[in-house]
Amino acid sequence: MDFIKRNGKRIAYDGLGYLLILISPLVGWIPGPGGIAVFLAGLGLLAVHNTWADGIKRYTLKNGGKVMHLIFPKNSTVEWTYDLLAVALLVTASYLIWSHANVWHISWGISAFFMAVFIASMNRDRIGTRKKQKHQEVLDKIHDNIQKRKH
């Protein structure tokens, strides 16, 4: 009983971390990056008390962005190909969803829709560009307020 009192938090964190890592392949088929997020959450919980998991977490956070540059390179031909793929997936998703043929058609349509949204948002760094635009808008408002106060 004394052991559980002393190590209860660690047992809970480690148990939940291993559980999340084990179920990540089971939720990986869900549209979007479901399995990846669950795996990283489990790794994060394990990293609290385990140095090996902390090392993997640090390596993943440091080098994870390089994967996106490999998948979505700054090449005009590749960018246009991804844009066409996203449009084709949206058309396919629309057809499958509105045809209402079978339940699995609708499931494939929903999956195609989320894949298209993911590809369209990650290609050409549209998310990063939008964040930079919002950040610049905030900076411009602050600069305008400062200028108004000076006058």
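Coordinate-derived values only; no laboratory data. Keep in mind that this is a model prediction, so the values were computed, not measured. Counting neighbours? That spans all protein chains shown, and the Cβs are built from the backbone with ideal geometry, glycine included.
Observations, loosely collected:
- Among VAL48, VAL117, VAL138: highest mean-square fluctuation, GNM of the chain, C-alpha pairs under 10 Å: VAL138
- Gain upon complete extension [ALA12, HIS105; 0.36 nm per residue less C-alpha separation]: 29.4 nm
- What the Cβ-Cβ distance of ALA88 and ILE36 gives, at R0 = 25 Å and to the nearest 0.05, is a FRET efficiency of 0.55.
- In plain terms, the residue of MET68, MET115 with the fewest other Cβ atoms within 10 Å comes first and the most crowded comes last, giving MET68, MET115.
- Lysine-lysine proximity count for the chain, Cα under 30 Å, sequence distance 8 or more or distinct chains: 28
- Between VAL117 and ARG58, the contour length at 0.36 nm per residue exceeds the Cα-Cα span by 18.4 nm.
- Region 1-83: trypsin sites (Lys or Arg not before Pro) falling in loop per DSSP and having at most 12 other Cβ within 10 Å: LYS74
- Within a Gaussian network of the chain (alpha carbon springs, distance under 10 Å), most fluctuating of SER107, SER24, SER76: SER76
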